[in-house]
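The values are calculated or read from the model by the stated rules, or taken from the named source; none is laboratory data. These figures come from a predicted structure and were not determined experimentally. Every residue, glycine as well, gets a Cβ built from its backbone with ideal geometry; the counts of neighbours run over all protein chains shown.
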Amino acid sequence: MHHHGNAVNPERMRSTYNAIQHELGHGHAMLYRYSGVEEEEITFIASSFWPVETWASMGDIDKARTCMKEILASLCDRGNVEIFNEMFDVRTLEWRGNLPRFAPRRR
């Protein structure tokens, strides 16, 4: 969607993604799944990485890099060996939600 929106009205797309970051991240790169959920849930990691791709594809490499660094600074070195659970609590710095599981390879 951001490819089309950026081609039609780049300023509006940037404004939209800035609003998303403000509303769902409260100024932080770690985002909640939807507005108002921060009282009952914690940040959803997949939602946090999506804007990084968006900023980069819209040509704002510095913003993408800044967001990525902020996300990785929040998540890395937290005892999870960089295999990320689906959620992370930015207030308590604890992992929540499911951890990816890998099935053994069959031969």
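For region 68-90, give me each residue that is at pLDDT below 85, of a type outside the set (S, T, N, Q) and under 14 Å from Phe49 (Cβ atoms).
Within region 68-90, Cys76, Glu82, Phe84 qualify.
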Study note, to complete from the structure: By residue number, the members of region 15-61 that are farther than 17 Å from Arg96 by Cβ, of a type in the set (D, E, K, R) and assigned to a helix (DSSP H, G or I) are Glu23, Glu53
Exercise for review: Check off (1) loosely packed, with under 14 Cβ neighbours inside 10 Å; (2) of a type in the set (Asp, Glu); (3) under 25 Å from Met13 (Cβ atoms) for Glu70 and give me the number that stays unchecked.
Suggested key: (1)
Practice item. Could you tell me whether region 18-33 includes any residue that is over 14 Å from Cys67 (Cβ atoms), among the aliphatic types (A, V, I, L, M) and at pLDDT below 90? Key: no
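Would you be able to say whether some residue in region 17-33 is of a type in the set (D, E, K, R) and in contact with a strand residue (DSSP E or B) (Cβ under 7 Å, 6 or more places away or on another chain)? Please lay out each step first, then the result.
Applying the first criterion (of a type in the set (D, E, K, R)) to region 17-33 yields 23, 33.
Right, trim to in contact with a strand residue (DSSP E or B) (Cβ under 7 Å, 6 or more places away or on another chain) and you get 33.
For region 17-33, residues of a type in the set (D, E, K, R) and in contact with a strand residue (DSSP E or B) (Cβ under 7 Å, 6 or more places away or on another chain): present.
Limited to region 8-63, what total is found for residues that are small (Gly, Ala, Ser), buried (at least 19 other Cβ atoms within 10 Å of the Cβ) and in contact with a helix residue (DSSP H, G or I) (Cβ under 7 Å, 6 or more places away or on another chain)? Walk me through it before giving the result.
Narrowing region 8-63 to residues small (Gly, Ala, Ser): 15, 19, 25, 27, 29, 35-36, 46-48, 56-57, 59.
Then keep just the ones that are buried (at least 19 other Cβ atoms within 10 Å of the Cβ); that gives 25, 29, 48.
This time we only want the ones that are in contact with a helix residue (DSSP H, G or I) (Cβ under 7 Å, 6 or more places away or on another chain), so: 29, 48.
Residues that pass the stated criteria total 2.
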